[in-house]
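The values are calculated or read from the model by the stated rules, or taken from the named source; none is laboratory data. Please read these numbers as outputs of a predicted model, since none were measured by experiment. Cβ placement follows ideal geometry from the backbone for every residue including glycine, while neighbour counts extend to all protein chains displayed.
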Ligand code: PGA
């Protein structure tokens, strides 16, 4: 089984001083957790600073978003090529906050994910249902449709990571039950099997209020390939505890 990936999504948090301290603390702590894949995804303006700190160690750098086009007149956006040039290995695509705040639909997410792949980045492609969709019994169908719509043609499990993030569990302190996570990850893998030849090897992360207290149970599930961590990634102690609960390769 491949190592689990624990990725920090700092979202629109941290200023330079705190970011440097947090990156240094994670780097220091993660050296002890050899064999687990760890990534930090800071806000774009902090990529250079955080990347400089991480450059000597095992913790990877990631972006939170990239533009669908290679370059050009897109004020305020960041290209996948620039992310790669700044040392990023990963980029989050299709996060539910971008889908909600910026109107990104599956087609946009697919184009961004394709652009990330073209630049040699590993996309962390996010999918997940709203509470309304879960309550109406549509969660698996919604998530399957998102994966089908957001996955670039020809993409393989070796090239990307999928993150299942139920929207109602993000930043709310609510997590999906272990049964729900296991069932959804199995459903995602079934959908992926029709879309990619190596779906058995696809790393499927769980995201949504992962914290030290629930990390071991979630990361202990057979089909969970890691975690995408928001709030708890902003405190080194909490994030390192989650890394400590992950499976090494
Ligand atoms: P959370 O965020 O851990 O704060 O719920 C996860 C995410 O949105 O990636």
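Mind checking whether some residue in region 105-127 is surrounded by 16 or more Cβ atoms within 10 Å (Cβ to Cβ) and under 21 Å from residue 179 (Cα atoms)? Yes: one or more hits. Against the list (1) surrounded by fewer than 18 Cβ atoms within 10 Å (Cβ to Cβ); (2) touching a residue at least 40 places away in the same chain (Cβ under 8 Å); (3) within 26 Å of residue 204 (Cβ to Cβ), the condition residue 70 fails is (3). Residues that are touching a strand residue (DSSP E or B) at 6+ places or on another chain (Cβ under 9 Å) and modelled with pLDDT of 95 or more within region 153-184 comprise 155, 157, 159, 160, 161, 162, 163, 164, 165, 166, 181, 184, listed in sequence order. Only one entry of 226, 207 meets the criterion of being within 14 Å of the ligand (Cβ to nearest atom), on the phi > 0 side of the Ramachandran plot and touching a strand residue (DSSP E or B) at 6+ places or on another chain (Cβ under 6 Å), and that entry is 226. For region 174-197, a residue qualifies if it is touching a helix residue (DSSP H, G or I) at 6+ places or on another chain (Cβ under 9 Å), assigned to a loop (DSSP other than H, G, I, E, B) and farther than 20 Å from residue 133 by Cβ, and the qualifying residues are 194, 195.
Among the numbered conditions (1) more than 16 Å from the ligand (Cβ to nearest atom); (2) outside any helix (DSSP H, G or I); (3) in contact (Cβ under 8 Å) with a residue 24 or more places away in the chain, the only one that residue 144 does not meet is (2). Per this entry, residue 80 is not counted among residues that are within 18 Å of residue 160 (Cβ to Cβ), surrounded by fewer than 22 Cβ atoms within 10 Å (Cβ to Cβ), more than 16 Å from the ligand (Cβ to nearest atom) and in contact (Cβ under 8 Å) with a residue 12 or more places away in the chain.
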